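The values are calculated or read from the model by the stated rules, or taken from the named source; none is laboratory data. Remember, it's a predicted structure, so these values are computed and weren't measured experimentally. Here the Cβ positions follow ideal geometry from the backbone for every residue, glycine too, while neighbour counts run over all protein chains shown. The accessibility values were calculated without ligands, DNA or RNA, using every heavy atom of the protein model including side chains. Shrake-Rupley method; radii C 1.70, N 1.55, O 1.52, S 1.80 Å.
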Amino acid sequence: MSLPATGRIRSQQTFLSLRRPAGRARSGSVRAAFVPPDSASPSAFPLVGYTIGRRCGSAVRRNRIRRRLRAAVTIASAELSAGSYLLGAEPEVQDLAFPQLVVAVRQAMTEAAQRGARSRP
C-alpha cells in the first residue's frame, strides 16, 4: 500500500505554528502559509489544512470550495515539499475553472514553501 500524497493537519501545535508561518504566498484568490517539518516528528509528505471564511458564502458554498481545493492539492501534491500548509480562499475561487484553480494552488503552495526555506536559519 502506498503513502497518501497529502495528509491532514491534526496537531494543535501545527495550527499554532501556522499563525506565524515561515513562508506565505498568494496566487490570485488562493492564499498559502507554510511551516517546514518539525525535526522531532518529520513527515514524508505535505500536511494541509484549509480555512474558508464566511465571506465565501453559506456552509454549502464553503464546503464546495474546500472540496475543490482538496482535489487541486491532490493533483499538485507531486511537486510539493514536505511541511505543513494552510490554504485559504477568497470568494472569487468559486468562479475559477478547475484547471485555473490547480495552477493557482500549485503556485501559491510552491512559492510559500520556497519563501519558508529561504527564511530558515
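Rank-order 52-64, 25-37 by packing density, defined as the average count of other C-beta atoms within 10 Å over each peptide's residues, highest first.
25-37, 52-64
Per residue, how much accessible area does the chain have with a 1.4 Å probe, in Å²?
Heavy-atom accessible area per residue stands at 60 Å².
For helix 59-76, what angle does its Cα long axis make with the longest principal axis of the chain, in degrees from 0 to 90 and rounded to 10?
50 degrees
Tell me, what HN-Hα J-couplings in whole Hz come from the Karplus equation 6.51 cos²θ - 1.76 cosθ + 1.60 at θ = phi - 60° for each residue of the stretch 26-32, using x for Gly and Pro?
9, 9, x, 9, 10, 10, 9
Where the accessible area of the stretch 58-119 is counted over protein heavy atoms with a 1.4 Å probe, how much of it, in %, is carbon and sulfur?
51 percent
Diagonalise the Cα gyration tensor of the stretch 1-110 and give the resulting equivalent ellipsoid semi-axes, square root of 5 times each eigenvalue, largest first, whole Å.
Working from the Cα gyration tensor, I get semi-axes of 22, 15, 13 Å.
Spelling out what I want: for every residue of the stretch 5-15, take phi, set θ = phi - 60°, compute 6.51 cos²θ - 1.76 cosθ + 1.60 (Karplus), and round to whole Hz; glycine and proline get x.
5, 9, x, 9, 7, 10, 8, 5, 4, 5, 4
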